[in-house]
Structures are given as C-alpha cells and as structure tokens.
C-alpha cells in the first residue's frame, strides 16, 4: 500500500464518488438511501478530518505560496461539514433529504475535482516523493483517531478558527 499522501487522498475521493453514484442510482428505497448517505457522511467526516488536521496545515507550512488554496479548501470543507451535520439529523423520508444530499454531492465533487486537477499537482511538485510519503504516514495515523460521525467534535472548527483569528 502506498503511503503517498496524494495517492491516499485520491483513493478516498474514489470511494466517495462510488457512494455518490450509488445514491444517484434510480429506484432506491428510503432505507437504501439512508444507508448510502450514512456511508457518505462517515467517509467525508474522516476525509475532512485528516485533510484539516494534517494535509492542509503541513502544506500551508511547507508551501506558503499555496496558502490561498488552503484557506479556500478549509471553507469548502466547512460548507460540507454543515451539510453533513444537517443530513445526520435527517431521515431519508424527509422532503429535503434528497435535495440536501444532492447539494452536498455537487459541492464535494467540485472540491475534489479542484484538488485533483489543480492543487494536488502543485503540492506534488512542491513537496516531492519523500515528503509526500511522510505526510501519507501522518494521514494514516490521523485516520485512526478521526471521528466517524459529523456530530462528533472536530478539530476542523479549531483549525478554521485559528486561521480566521
């Protein structure tokens, strides 16, 4: 298994996209949709945590020219976190459940595409193989301690508060 940070994050993106496709599949019962969304919420909660706790602070420290990109990513994560928190309190039979999930999917797809097409290449060029492997090991360690549900306390808020203040 690769410990390259970008490879690990792209693998997360692939799993999230797989769940997005499952949600969009026609003919799902409310029970099936609820299960898919619960999986999406867990995947996004863990992924957001490891990026906010490890990837973004380290990139910001090592590649200060990418600070604006990092700040934008924190804000995109914040929007996704709010949607995830709201969805975690909803039932698939709620009238806005599908709409809210669709908005979450659209926002996250935009964020992942932007990272993969623009940000990851800049990070790979700026950090190099050895640093990305070390960063990947930190991501794997953070994944073990990451919250699994959106309502669990997240260090993301602390990270954003530290950036804003």
Query raised in the report: How much length is gained if the chain between residue 94 and residue 25 is pulled fully straight, taking 0.36 nm per residue apart and subtracting their Cα-Cα distance, in nm to one decimal?
Result: 23.0 nm
Query raised in the report: For the chain, what is the mean residue ellipticity at 222 nm derived from helices alone (per DSSP H run of n ≥ 4: -39500 (n - 2.57); sum divided by total residues; nearest 500 deg cm²/dmol)?
Result: -25500 deg cm²/dmol
Query raised in the report: Say a paramagnetic label sat at a point 7 Å from the Cα of residue 62, along Cα to Cβ; which residues of the range 4-34 have their backbone N under 16 Å from it?
Result: 4-10
Report summary line: Per the rule of 0.36 nm per residue minus the C-alpha distance, extending residue 78 to residue 148 adds in nm 23.6 nm
Report summary line: For semi-axes √(5λ) of the Cα gyration tensor in Å the list reads [x] 22, 21, 16; [y] 28, 17, 14; [z] 24, 19, 15; the calculated value is entry [y]
Report summary line: In degrees, nearest 10, the alpha-carbon axis of helix 30-50 is tilted away from the dominant principal axis of the alpha carbons of the chain by 20 degrees
Query - Ascending count of other beta-carbon atoms within 10 Å, so fewest first, for 138, 95, 106 - result: 95, 106, 138
Report task. For each of 71, 43, 87, count neighbouring Cβ atoms within 10 Å of the residue's Cβ, then give the residues from fewest to most. Result -> 71, 43, 87
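Quick note: the coordinates plus some simple rules give every number you see, no bench work behind them. This structure is a prediction, so every number in the text was calculated from the model and none was measured. Counting neighbours? That spans all protein chains shown, and the Cβs are built from the backbone with ideal geometry, glycine included.
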